[in-house]
Amino acid sequence: MAEPLDKEQVQKLLDDSPYIGFMKLEVISMNLEEDTIVIRMPMRPEFERRRGTGQYHGGAIAALIDIAGDYALVMKVGGGVPTINFRVDFLRPGTNTS
C-alpha cells in the first residue's frame, strides 16, 4: 500500500486529469482519520440542465459522486480503483446554492 496523500497532492491529481480538470473540482477538506473528503463542484454553464435555471445536470452530479468516492480511496492509499457499478436516484434538481 502506498502512503496516504495530503490535500495538495489530491488536488494535483484532480487537476491533472483532463476530464476532472475540466470540471474544476476543488478539495475543500480531507480527514484521513475519519475517512472523509469534501470536494466542491462550481456551477458552470456546461453543467446546467437547462440554460439559466441554475440547476445542475444529473450527469455532472453523478460524475462528482463517482469522483468523490474514488478520491476517498485515493487519499488513503495513493491510488483509486475503477467504478464497477453505480446508480443514482435523483429526488429533486440540484441547484447552485453557493
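The values are calculated or read from the model by the stated rules, or taken from the named source; none is laboratory data. Because the structure is a prediction, the values reported are computed rather than measured. Glycine also receives a Cβ, built like all others from the backbone with ideal geometry; neighbour counts cover every protein chain displayed.
At a glance:
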{"quantity": "Count of residues meeting criterion [in contact (Cβ under 8 Å) with a residue 24 or more places away in the chain and of a type in the set (S, T, N, Q)] in the stretch 17-47", "calculated": "1"}
{"quantity": "Lone qualifier among LEU73, LEU25 - being under 28 Å from LEU91 (Cα atoms), at pLDDT below 90 and among the aliphatic types (A, V, I, L, M)", "calculated": "LEU73"}
{"quantity": "Count - residues of the stretch 48-61 that are within 17 Å of LYS24 (Cβ to Cβ) and either of a type in the set (S, T, N, Q) or part of a helix (DSSP H, G or I) (or both)", "calculated": "3"}
{"quantity": "Looking only at the stretch 48-98, and only at residues there that are among the small types (Gly, Ala, Ser), without any contact (Cβ under 8 Å) to a residue 12 or more places away in the chain and surrounded by 11 or more Cβ atoms within 10 Å (Cβ to Cβ), the one that is nearest to GLU34 (Cα to Cα)", "calculated": "GLY80"}
